[in-house]
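Right, I'll just put the structure down here and ask away after.
The values are calculated or read from the model by the stated rules, or taken from the named source; none is laboratory data. All values reported here derive from a predicted model rather than from experimental measurement. When we count neighbours, we look across all protein chains shown, and the Cβ atoms used for this are built from the backbone with ideal geometry, even at glycine. Ligands, DNA and RNA are excluded from the accessible area calculation, which covers all protein heavy atoms including side chains. Shrake-Rupley method; radii C 1.70, N 1.55, O 1.52, S 1.80 Å.
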Amino acid sequence: MTTPQLPALLDAFPALTPCLRTATLLGPAPGTPGPHESSVGGPPLWPADEPWPHCRQPHLVHVREALTDAEREEWQAVERRRGQRHRPGDPHVLTAGEAATQSRIMDGGSLDQVAWERVRLVPRTPAGDGLPMVPVLQLRAADAPALDWPPGTDLLQLLWCPQDHAEPEGQPRYWGPVVELRYRAAADVGETAPVPPVPGGAKDVYLPAPCRLDPAEVLDLPEQDELPAGLYERIEEWAEERDLEYDRVLGCLPGWKAGGWPSWHLTDFTALDCRCGARMRLLLTLGSGGAPGLNVGRYGELRVFRCPEDPHHPVRLNVQ
Ligand SMILES: [Zn+2]
Ligand SMILES: [Zn+2]
């Protein structure tokens, strides 16, 4: 499967050819996948004698605290003064002092003015052995042969902790589920482990509905900052003349994807480097909506980047 306009684009811009990457669009669709199939939210082929991954990192939980009577009176006094100053078209003017009072009372959170409670997100470390992770993606090499599979493996599994974590270990500027990856050889798995029950407090938006995959191989192209200098402007012109879009139609293809190029449509391009110094490469993209029904980063995409030198170096996560 190739975007129909791709051959014409490559004819017009031969400099793009070295940028091509083969990717697999995973095409999750509702189903009841078994442990030997590629799936989203299906049971992974997990050896009974291998410990199930648990998350021990702090989770962000909403904590509600009642305001003291003094705080409530202070808040209401600010609101009364603001009401008295009300001018048409300019109803929300607060003095700097009043704004400081309200932000002190909210203390980094928000205010529930019905219950008069301060609502804050605070990190809480799970007790004991932590919380069992949930299966999110299982990919067989036969369904994504273009990925760089570590020798002797033909199964990639991604599990995550269905909670929010603020900059968990090794993930600067990342907020979302903590992810665990495993590569294995399907033939080596004998007896399989049952999937543990979903832990209490899990966020529904991080619990994928079971899906089978309908993989399709495509050619993907990078976004402007990862193209040779000056090329993007000429491509845009070319695309405009043909009433086409480059971003997300010809390049940085959206949705659940193995390999390919990442889009940087929310932030500027950010180079992600492994601790070994190597520039990391996009491994997986997990999308929001559709059949799996996830919502990552305000209906965005969670991208997993891998070290090209050693697939077992810790991955980096990024949401756009
Ligand atoms: Zn967690
Ligand atoms: Zn590395």
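What is the gain in length, in nm to one decimal, between THR153 and ALA99 on full extension, counting 0.36 nm per residue of separation less the C-alpha to C-alpha distance?
Values: separation 54, 0.36 × 54 = 19.44 nm, distance 5.77 nm.
Result for the pair: 13.7 nm of gain on full extension.
Also, quick follow-up: Counting only protein heavy atoms, what percent of the accessible surface of segment 60-124 is carbon or sulfur at a 1.4 Å probe? Please list the in-between numbers first.
Details: 2240 of 4330 Å².
Roughly 52 percent, rounded to a whole number.
In percent, what relative contact order does the chain have, based on Cα pairs under 8 Å that are 6 or more apart in sequence?
Across the chain, relative contact order equals 24 percent.
While we're on this one: At most 13 other C-beta atoms within 10 Å and a DSSP loop state: those are the exposed chymotrypsin sites (Phe, Trp or Tyr not before Pro) I care about. Give me the longest piece of the chain that has none. Working shown, then result.
Numbers: sites that count: PHE269, TYR299.
For chymotrypsin sites (Phe, Trp or Tyr not before Pro) (loop position, at most 13 other Cβ atoms within 10 Å), the longest site-free span of the chain is 1-268.
Report the FRET efficiency, 1/(1 + (r/R0)^6), for ASP49 and ALA142, where r is their Cβ-Cβ distance and R0 is 22 Å, rounded to 0.05. Provide the component values of the computation, followed by the final result.
Values: r = 25 Å, r/R0 = 1.15.
The formula returns an efficiency of 0.30 here.
Can you list the HN-Hα couplings for segment 224-239, worked out from phi with the Karplus curve (6.51, -1.76, 1.60; θ = phi - 60°), rounded to whole Hz and with x for Gly and Pro?
Karplus-based 3J(HN,Hα) across segment 224-239 equals 4, 6, 9, 9, x, 4, x, 6, 4, 4, 5, 5, 4, 4, 4, 5 Hz.
Still on this structure: Which value, in debye to the nearest 20, describes the size of the charge dipole of segment 60-124 about its Cα centre when Lys and Arg Cβ atoms bear +1, Asp and Glu Cβ atoms bear -1, and nothing else is charged?
Numbers: 11 positive and 11 negative charges, 36 e Å.
In debye, rounded to 20, segment 60-124 gives about 180.
Once ligands and nucleic acids are excluded and a 1.4 Å probe is used, how much of CYS274 is accessible, expressed in Å² to the nearest 10?
Surface accessible to solvent at CYS274 totals approximately 10 Å².
Moving to a separate point now. Each residue of segment 249-259 in turn: what ³J(HN,Hα) in whole Hz from Karplus with 6.51, -1.76, 1.60 and θ = phi - 60°, glycine and Pro shown as x?
10, 9, x, 6, 4, x, x, 4, 8, 10, x
Give the separation of the Cα centroids, segment 226-265 to segment 284-320, in Å.
Answer, in whole Å: 19.
With label points built 7 Å along Cα→Cβ from the Cα atoms of LEU231 and ALA77, find their separation and express it in nm.
Going by the 7 Å Cα→Cβ label model, 6.4 nm.
For the chain, what is the Kirkwood estimate of the hydrodynamic radius, computed as the reciprocal of the mean inverse distance between distinct Cα atoms, to one decimal in Å? Intermediate results must be reported in sequence, preceding the final value.
Details: mean 1/r = 0.0444 Å⁻¹.
Evaluated on the chain, it is 22.5 Å.
Between THR22 and ARG120, with labels modelled 7 Å along Cα→Cβ, what's the label distance in nm to one decimal, could you check?
Taking the simple label geometry, THR22 and ARG120 are separated by 5.3 nm.
A further question on this structure: Whole-Hz Karplus ³J(HN,Hα) for segment 95-103, in order, using 6.51 cos²θ - 1.76 cosθ + 1.60 and θ = phi - 60°, x for Gly and Pro?
Along segment 95-103, the couplings run 6, 4, x, 5, 4, 5, 4, 5, 6 Hz.
Ok, one more. Once the other residues with Cβ under 10 Å from the Cβ of HIS313 are scored (Lys, Arg +1; Asp, Glu -1), what is the net sum? Please list the in-between numbers first.
Working: positive: ARG275, ARG306, ARG316; negative: GLU309, ASP310.
That sum, taken over residues with Cβ under 10 Å, equals +1.
Label 7 Å along Cα→Cβ of THR192; segment 31-63 residues with amide nitrogen under 13 Å?
Only 32-48 pass the distance filter.
Next question. Return the long-range amide H neighbours of LEU284 (sequence gap of 5 or more, or a different chain), with a cut-off of under 5 Å between placed amide H atoms.
Amide H neighbours of LEU284, under 5 Å, 5+ apart: GLY259, VAL304.
Tell me which residues come under 5 Å, amide H to amide H, from LEU253 once H is placed; ignore anything under 5 positions away on its chain.
LEU221, TRP261
Still on this structure, I have one more. Return, ordered by residue number, the residues of segment 282-302 whose backbone nitrogen is under 11 Å from a label point located 7 Å along Cα→Cβ of THR32.
Correct set: none at all.
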